[in-house]
Amino acid sequence: AQSVAQPEDQVNVAEGNPLTVKCTYSVSGNPYLFWYVQYPNRGLQFLLKYITGDNLVKGSYGFEAEFNKSQTSFHLKKPSALVSDSALYFCAVRDRGADGLTFGKGTHLIIQP
Amino acid sequence: SQTIHQWPATLVQPVGSPLSLECTVEGTSNPNLYWYRQAAGRGLQLLFYSVGIGQISSEVPQNLSASRPQDRQFILSSKKLLLSDSGFYLCAWSGTPGYGYTFGSGTRLTVV
């Protein structure tokens, strides 16, 4: 079985500071890993993914994430936060033998001016 | 390019009335299709998924049903809505396993 944990319900960061949104996963094999962002009353938008290769993946809007196999983590990061980054962020995992994604519960990211 | 359409965007329905939400995908064939519900701006609850026409898997027993009458059409229905059916409903599709899901814009359903 595959699972995802986002340990923080909410993350507060001052504008201009670096941000990290945490994600850990559990799969039986090698994972596909994804981050999505959701703005109020909107569908989820794809940010970035890890499939294979370089452990540091870069995505939309200046976000990046680092795949750490030993710690089974895929934390989302950005060097300098913007107020417009405030949204709900979802981490998702897919075991390469599985049919679908499993999503975390989501983390509210609040960037304070 | 592939696109996904979901409608309506908002819906207010009385308790006991029927429901039909539609989702269609363009630009791909034989997609996997999914219906999720999201309560109070938080986590996603998978309701139904389909890997082909007429093939529906239900994840959570409830007052809702799903159908896939055509390859790229996925419909969420209810015969009699309950107050607890209120929420934000999202349709999604996936193709190649490494490419994740693409989500529709969602339907805000309020049952009154």
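Data for the structure
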{"item": "Label-zone membership for region A:1-35, site residue A:96, 7 angstrom Cα→C-beta point, backbone N under 15 Å", "result": "A:27-33"}
{"item": "Chain A - Kirkwood radius from inverse mean 1/r over Cα pairs (Å)", "result": "14.0 Å"}
{"item": "Evaluated over region B:3-111, the Cα radius of gyration and Dmax, each in Å", "result": "13.1, 41"}
{"item": "Cα lying deepest toward the dipole's positive end in the protein assembly as shown, options A:2, A:12, A:48, charges on Cβ", "result": "A:2"}
{"item": "Kirkwood-Stokes translational diffusion coefficient of region A:1-48, alpha-carbon pairs, 25 °C, 0.890 mPa s, µm²/s", "result": "187 µm²/s"}
{"item": "Residues of region B:38-52 with amide N under 19 Å of a point placed 7 Å along Cα→Cβ from residue B:110", "result": "B:38-42"}
{"item": "Only Lys, Arg (+1) and Asp, Glu (-1) charged, at Cβ; chain B dipole about Cα centre in debye", "result": "220 debye"}
{"item": "Charge dipole magnitude, Cβ of K and R +1, D and E -1 - region A:3-112, Cα centre, debye nearest 20", "result": "160 debye"}
{"item": "Gain upon complete extension [residue A:39, residue A:71; 0.36 nm per residue less C-alpha separation]", "result": "8.6 nm"}
{"item": "Within 10 Å of each Cβ in B:102-110, the average number of Cβ atoms from other chains", "result": "3"}
{"item": "Hydrodynamic radius of the protein assembly as shown per Kirkwood, over alpha carbon pairs, in Å", "result": "18.2 Å"}
{"item": "Under 26 Å between alpha carbons - lysine pairs in the protein assembly as shown that sit 8 or more apart or on different chains", "result": "20"}
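Read the figures in this text as sums done on the coordinates, not as results from a lab. Just so we're clear, the structure is a prediction, and the values are computed from it rather than from any experiment. So basically every Cβ, Gly included, is an ideal-geometry build from the backbone, and we count neighbours across all protein chains shown.
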